[in-house]
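*Asks:* Take this structure, written in structure tokens, and hold onto it; I'll ask about it next.
The values are calculated or read from the model by the stated rules, or taken from the named source; none is laboratory data. Note that the coordinates shown come from a computational prediction; the quantities given were computed from them, not determined experimentally. Note that we place each Cβ from the backbone using ideal geometry, even for glycine, and neighbour counts take in every protein chain shown.
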Amino acid sequence: MSSTQEIQTGLAEILEEVAGVTPADATPEKSFTDDLDVDSLSMVEIATAVEDKFGVAIPDDELGNIKTVGDAISYIEKNQG
Amino acid sequence: MTTLQLPAGAPGARLLGFGSYRPRRRVTNDELAQRMETNDEWIQARVGIAERRWAEPDETLVEMSVAAGGKALAASGLDANDIDLVLLATTSPPKAIPGLAPRIAHQLGVPRPGAFDVNAGCAGWCYALSAAADAIRTGSARNALVIGGERLTDYTNLDDRATAVIFADGAGAAVVGPADEPTIGPVVWGSDGDLHEAIAIPENETGMSMAGQAVYRWATTKLTDTLVEAMRRAGVGPDDIDVFAPHQANLRIIELMAKRLKLPERTVIARDIVRSGNTSSASVPLALAALLESGEAKSGDLALLLGYGAGLTFAGQVVVLP
């Protein structure tokens, strides 16, 4: 089980790798599309990387509900372990 | 029980020459932006396409396939009389009946060959190439013409910004003949039929739809293994690959695959999608023909091929370029 802080840090690393987002910008209130310029295909890459890193699968229909970094953190927290 | 006789066949098969046909009409992203809510930046960022070719009415699937096939024949040094198998990989025939390979063969002057169409989505040409190589190795055919031809615009809603920016038309072809040494590697093919709805013409509609995220996920997670296995079965590794020519579906998928395979810097990566869009089963031979024409790829180069698409289907193989 990863802590909220660990998830946020891990997610920030993924965002940097996949979409070139500066880790300091990857704060919970940020919207992937509006604030971080992450498009729908990059969201798929993020989902794949989240699965590799945290063992949490995010299917396409769930992916549509994840709008902010905070949404992603909660989803991972809820579904891990 | 009677034992039947089998022909001797050939120790291997090889590619002898490529040919292609690109429709005359060039359609830029700016032109599309005039007819629908889209723009050049969005299209380039999402799929990597700068322009594509759309066939005019006289550029039928048969005419484009005959043109590409004729050029492949000329490049191979063979004559139409030498060909005894003609395969057309296509997903976009104007009618279900008749299949078009016999007519294409006839127009090329190929006398009474085995001829049939292959619909394996965008993997069709790689499927057909494997079928042709196997036919030559087993003695069912001597020389084969393998064409990938598409008029995807006939099955695309040209006002739908999700698909009209992607799909395009064209034809590519190669001649395959016998060889003393195998230079067309074993195919790694398969299908994931549970995802049959991901790329399809929906009920009561005439244009294709594509579940972009689902296909992107499938292509970027499942198909690297196919490529690795195709190299392993052929007895080569990423460092041996001179040319990587996957189906031209999306530039981002192409770049991601190349990165995950850890191909060396020197490997030439086919990016024909930038100027041709997604031409389904024509994309791999179109890309290879372009690389050979420009000199970026040369005779003897080892190329890693991958087709994948509607079905969902996939097929990968390693080949030596003619």
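*Asks:* Suppose the filter is among the charged types (D, E, K, R) and within 19 Å of B:Ala289 (Cβ to Cβ); does B:Arg35 pass it?
*Replies:* In short, no.
*Asks:* Still on this structure, please answer the following. Could you look through segment B:206-252, keep only residues that are within 14 Å of chain A (Cβ to nearest Cβ) and of a type in the set (A, V, I, L, M), and pick out the one that is surrounded by the fewest Cβ atoms within 10 Å (Cβ to Cβ)?
*Replies:* Restricting to residues being within 14 Å of chain A (Cβ to nearest Cβ) and of a type in the set (A, V, I, L, M), the top hit is B:Ala211.
*Asks:* Only residues that are loosely packed, with under 15 Cβ neighbours inside 10 Å and without any contact (Cβ under 8 Å) to a residue 24 or more places away in the chain: list them for segment B:256-267, please.
*Replies:* B:Lys259, B:Glu265
*Asks:* Another question, then. If a residue must be surrounded by fewer than 19 Cβ atoms within 10 Å (Cβ to Cβ) and either more than 12 Å from every other protein chain (Cβ to nearest Cβ) or among the small types (Gly, Ala, Ser) (or both), how many such residues does segment A:37-55 contain?
*Replies:* 4
*Asks:* I'd like the residue in segment B:195-205 that is within 19 Å of B:Val165 (Cβ to Cβ) and touching a residue at least 60 places away in the same chain (Cβ under 8 Å) and, out of all such residues, is farthest from the other protein chains (Cβ to nearest Cβ).
*Replies:* B:Ala200
*Asks:* Among the numbered criteria (1) basic (Lys, Arg); (2) more than 30 Å from B:Ala214 (Cβ to Cβ); (3) assigned to a helix (DSSP H, G or I), which one does B:Lys298 miss?
*Replies:* The failed condition is (3).
*Asks:* When the residues of segment B:157-171 are filtered to those that are surrounded by 24 or more Cβ atoms within 10 Å (Cβ to Cβ) and not aliphatic (A, V, I, L, M), which remaining residue is farthest from the chain's Cα centre (by Cα)?
*Replies:* My answer is B:Phe167.
*Asks:* Output the residues belonging to segment A:60-72 that are without any contact (Cβ under 8 Å) to a residue 12 or more places away in the chain and either within 11 Å of chain B (Cβ to nearest Cβ) or part of a loop (DSSP other than H, G, I, E, B) (or both).
*Replies:* Scanning segment A:60-72 gives A:Asp61, A:Gly64, A:Asn65.
*Asks:* Would you mind telling me which numbered condition in (1) assigned to a loop (DSSP other than H, G, I, E, B); (2) free of Cβ contacts under 8 Å to residues at least 40 places away in the same chain B:Ala115 fails?
*Replies:* Evaluating B:Ala115 over (1) assigned to a loop (DSSP other than H, G, I, E, B); (2) free of Cβ contacts under 8 Å to residues at least 40 places away in the same chain leaves (1) as the failure.
*Asks:* Just the residues that are without any contact (Cβ under 8 Å) to a residue 60 or more places away in the chain and under 28 Å from B:Leu61 (Cα atoms), please, taken from segment B:161-194.
*Replies:* Those that are without any contact (Cβ under 8 Å) to a residue 60 or more places away in the chain and under 28 Å from B:Leu61 (Cα atoms): B:Ala162, B:Thr163.
*Asks:* Among the numbered criteria (1) at positive phi; (2) within 14 Å of chain A (Cβ to nearest Cβ); (3) not acidic (Asp, Glu), which one does B:Lys262 miss?
*Replies:* Of the numbered conditions (1) at positive phi; (2) within 14 Å of chain A (Cβ to nearest Cβ); (3) not acidic (Asp, Glu), the odd one out for B:Lys262 is (2).
*Asks:* Being at pLDDT below 95, assigned to a helix (DSSP H, G or I), away from every other protein chain (no Cβ under 12 Å) and touching a helix residue (DSSP H, G or I) at 6+ places or on another chain (Cβ under 8 Å) is the requirement here; does A:Lys78 meet it?
*Replies:* So A:Lys78 does not fit the description; no.
*Asks:* Also, I was wondering about something else. Restricting to segment B:7-48, give me the number of residues that are within 14 Å of chain A (Cβ to nearest Cβ), outside any helix (DSSP H, G or I) and closer than 18 Å to B:Leu152 by Cβ.
*Replies:* Matching residues across segment B:7-48 total 3.
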